[in-house]
1. Find the Cα radius of gyration of region B:347-436, compare it with 2.2 N^0.38 Å by division, and give the number to two decimals.
2. Please give the net charge around B:ASN404, taking every other residue with its beta carbon less than 15 angstrom from that of B:ASN404, where Lys and Arg add +1 and Asp and Glu add -1.
3. FRET efficiency for A:ALA61 and A:HIS39, Cβ-Cβ distance as r, R0 = 25 Å, nearest 0.05?
4. Taking each pair of different alpha-carbon atoms in region A:91-165 once, compute 1/r for the pair, average those values, and report the inverse of that mean as the Kirkwood hydrodynamic radius in Å to one decimal.
5. When the Kirkwood radius is taken over all Cα pairs of region A:257-343, what Stokes-Einstein diffusion coefficient follows at 37 °C and 0.692 mPa s, in µm²/s?
6. Helix-only mean residue ellipticity at 222 nm, chain B, DSSP H runs n ≥ 4 weighted -39,500 (n - 2.57), per residue, nearest 500. What is it?
7. Using a 1.4 angstrom probe on heavy atoms only, work out the carbon and sulfur share of the accessible area of chain B in %.
8. Rounded if a/c is under 1.5, else prolate if a/b is larger than b/c, else oblate: which is region B:1-90, with a ≥ b ≥ c the root eigenvalues of its Cα gyration tensor?
Amino acid sequence: MNPGPPLEIAVLGGGSWGTTLAHLCAQAGGRVRFWMRDHDTVREIREHRTNGRYTGPVALAPSIEPTNDLAAAVLGARLVLVVVPSAAARAVIRELGGVVLADQIVVHAIKGLEEGTGWTVSRVVREETAIRKLGVLSGPNIAPEILAGLPAATVVASDYPEVIGVAQGALTGPSFRVYANDDVIGVELGGALKNIIAIASGAITGLGLGENARSLLMTRGVAEIARFAVHRGARLLTLAGLAGMGDLVVTCASTHSRNYRVGLGLAEGRLLGDILRELGMVAEGVRTTRIVRTVAEREGVYMPITAALARVLDAELDVQSAVAELMARPARAEVDGDRVVPR
Amino acid sequence: MADSIDELTIRREAAHRSGDESVARARTGEEALEETLNDCLYHAERRARVRPLDDAEARVVDWAREAIQSRDPARLEAATYALCEHYASEIGGDFNPRMFALASWLAPGFLSLLLSATSLPRLLLEGLKREDLDRRLVIGGAVDQVARLARTGTLICTPTHASHMDSLVIGYALQRVGIARFVYGAGKNLFANPILGFFLKHLGTYKVDRLKAEQLYKRTLKNYCVATLTRGLSNIFFPGGTRSRSGAIEQELKLGLLGTGLEAYILNLKAHSERPGLFIVPTTISYHVVLEAETLIDDYLRDEGQSRYIIDDDEVSRPARVAQFVTTLLNMEGQIHVRFGRALDPFGNTVDDEGRSCDPHGRVIDARRYVVGTDGHPVLDPARDRQYTRELGTAIIEGFHRNNAVLPTHLTCFAIMQALAEQSGERDLYRMLRSRRVTDGLDAADIMARTERLLGVIRQKRQAGQLEASPDLDGDADRIVAAAERTLGFYHAPPPVERRGDRIYVRQPALVYYYRNRLAGYGLDSPAFLEPRPRKGNRR
């Protein structure tokens with residue numbers, strides 16, 4: 001299907017999504033250099049072809065070459081996928097900026113925002129590097145399902161058609177589709193902010209509040225996400241797509257979702273610290289909730305669900321009271337033309 | 001080099017490249033030549049209703065019409081090239097690269113020429129010496145870098161645009177930092193202006209007819225610029241496309257002309273040029289008072305649909321106003337500030353003094369790689385290059401903000417509008433400008449306090465490199481407000497701001513708003529409804 005030399009790809013970040021993307025790229029015929037900081041994992045992948053901590057017993061494609069050397073991973077790659085936790089993003093991107101060349105394509109798949117600034121990753125890339133050919137990958141993508149070969153799709157957004165074309169070529173397979181978009185900020189924010197609603201969804205399920213309540217949460221949640229995203233320059237319709245509503249639906253329903261499991265724990269009245277310890281992985285939604293609450297308050301964007309959840313996370317409010325407060329707010333018009341920012 | 005280039009080769013190249021591009025587009029099925037020519041005919045006929053076409057244009061338009069009727073591919077191509085040649089010769093017009101040694105014209109001082117044109121005896125008697133002019137024009141910023149880069153590559157100076165005086169000011173400033181050769185385009189309407197036209201005809205300016213909306217004309221204009229750039233001729237582009245109506249620094253740029261820098265860069269690389277570097281210099285020009293302020297803000301405040309893209313009846317065509325402006329300039333202690341920002345590459349990265357592109361941490365990068373195709377050779381790619389140019393535009397706007405020299409008139413007017421917005425209780429710009437507060441006056445002590453507060457913020461931002469403050473802001477609020485009141489009142493009548501005892505009266509709120517807007521976009525404390533909005537689309 002893909003004649004000519006194989007596509008050279010670097011995947012940065014050895015978590016579950018990074019491992020999954022590396023595997024997908026290799027399956028689609030690419031030569032993948034897979035960078036991570038952890039030496040033991042590099043050795044494990046090299047010797048056993050597994051990344052037990054994140055993807056269990058799944059056998060990773062043989063053409064994946066793990067490494068601890070970022071420069072060596074990036075050298076000669078046509079496409080660089082950045083899949084590190086958002087808390088590590090700026091440091092890794094700065095390092096990447098020192099080795100990447102101007103014709104290399106960089107696509108990030110980070111569903112989170114930066115602490116303090118609330119910037120999306122594309123903004124961080126712009127501040128730290130001279131990278132121009134940049135894209136973002138996001139969508140309803142539960143890693144274990146994709147590794148199992150179940151059908152799924154994602155979105156790649158970029159201002160550069162070439163970025164989208166190369167990312168599509170690198171990832172598309174018989175059970176994985178890649179849609180194109182040019183709304184970078186919309187796709188980034190859809191992916192990051194849905195994690196907030198995922199936590200809330202876990203809590204609502206844990207409380208046994210029923211399916212109507214969950215649907216209510218999800219639709220008002222997407223309205224809230226869209227309000228923030230449009231405020232930051234996104235297109236409204238992007239939030240109705242795979243990277244918006246699509247991702248929200250899956251994260252709010254799937255028991256695989258870490259953020260959802262955080263919500264379940266909160267509903268049981270457990271402490272956030274204990275839940276996160278037991279999870280053993282990063283739940284981006286916890287960080288994102290706090291960041292978005294601060295930014296939204298500062299910039300005057302109305303986000304009642306996010307604000308209530310942030311207080312629950314900080315143990316200022318219990319989940320039941322948060323739900324009661326949200327239900328007691330005066331109801332306003334659901335849809336007001338194209339305007340999502342209430343006056 | 002530049003001296004041996006004559007206008008004819010530039011013209012010819014521009015026409016050929018435009019013709020070639022059109023033929024190539026027809027071959028790939030993007031746009032048939034019939035469509036290209038029909039677009040030209042349509043716009044020519046529209047223009048003919050207002051003013052008859054000149055003979056030369058009428059002739060090529062006839063050919064185009066006959067070619068379309070004949071459906072003969074050879075004739076369609078010939079007519080396309082003929083139109084391109086016509087446009088190119090019109091654009092070239094009086095332009096003569098051998099003559100553009102501005103220095104010889106500017107040596108006696110362009111303003112003294114200006115003054116003789118206004119025949120104001122008093123000013124002539126005072127005499128305007130070169131030294132006066134030097135004192136009146138403060139050139140700052142990356143001056144050394146600009147001078148160095150002009151020797152190693154080709155410059156595109158991109159200034160903020162507030163006034164028709166800008167062309168003269170920037171030309172003079174470039175000449176003073178040692179760049180005597182450059183070209184720029186000016187609206188065809190300006191050539192008809194009694195004062196400006198005189199200079200433009202002699203300064204080696206090419207002509208831009210903003211009434212010509214046909215794609216083929218725009219393509220030829222673009223290629224004309226590219227041809228001058230690939231020959232190493234530095235250019236001046238006003239990237240906002242037109243003078244700022246609101247008084248604010250440009251928030252949106254015209255990317256078409258800006259993109260010629262990247263195109264020239266790629267062509268240079270393809271031709272293995274020895275000096276392929278193209279450097280874009282965001283430049284700010286700050287005036288205490290702006291010659292055309294009244295007309296511009298009046299145009300901005302009209303109903304959206306009525307504002308004009310081309311204004312041909314403003315202060316610059318009224319000798320008495322020009323004279324008053326020059327008098328203000330000479331009699332006030334204030335100066336015109338020109339600041340060169342750090343130079344950029346065509347992708348929006350800063351460049352070091354050797355012309356090497358750098359990332360935000362100052363790490364040198366190889367910019368040629370931005371434009372290589374999969375085979376490793378440089379290649380033009382319109383979709384990709386448009387996006388690069390957009391990134392350049394963002395970097396230019398940042399450069400504008402960082403190099404904007406804040407003057408007493410800007411700061412004082414900002415403080416006054418802030419007070420007016422709060423105390424009028426209005427939430428609408430137009431109502432606020434007409435509010436009773438305007439006539440009732442504002443508390444002077446309050447304005448001083450606000451000015452003092454803003455001054456603190458501005459000094460902080462200056463420390464952080466987010467803007468520039470002129471030395472005129474070194475004093476305290478009392479002196480700053482007094483200086484602003486004096487300068488505004490000297491040029492504008494009635495005085496826009498007038499202090500009487502402990503009250504400050506706003507006589508011309510629209511003008512105060514205009515000068516205030518120069519500080520828009522910095523996140524200074526001000527209600528959102530005061531923020532000027534960019535104009536949408538190309539309006540006439």
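The values are calculated or read from the model by the stated rules, or taken from the named source; none is laboratory data. This is a predicted model, so every value here is computed, not measured. Every residue, glycine among them, receives a Cβ derived from its backbone with ideal geometry; neighbour counts consider all protein chains shown. Accessible surface is based on the protein model in full, side chains and every heavy atom, while ligands, DNA and RNA are left aside. Shrake-Rupley method; radii C 1.70, N 1.55, O 1.52, S 1.80 Å.
1. Cα Rg divided by the expected 2.2 N^0.38 Å: 1.82.
2. In short, +3.
3. Efficiency at R0 = 25 Å is approximately 0.75.
4. Radius from the Kirkwood sum: 13.7 Å.
5. 229 µm²/s
6. Helix-only estimate at 222 nm: -16000 deg cm²/dmol.
7. Summing carbon and sulfur atoms, their accessible area is 50 percent of the total for chain B.
8. oblate
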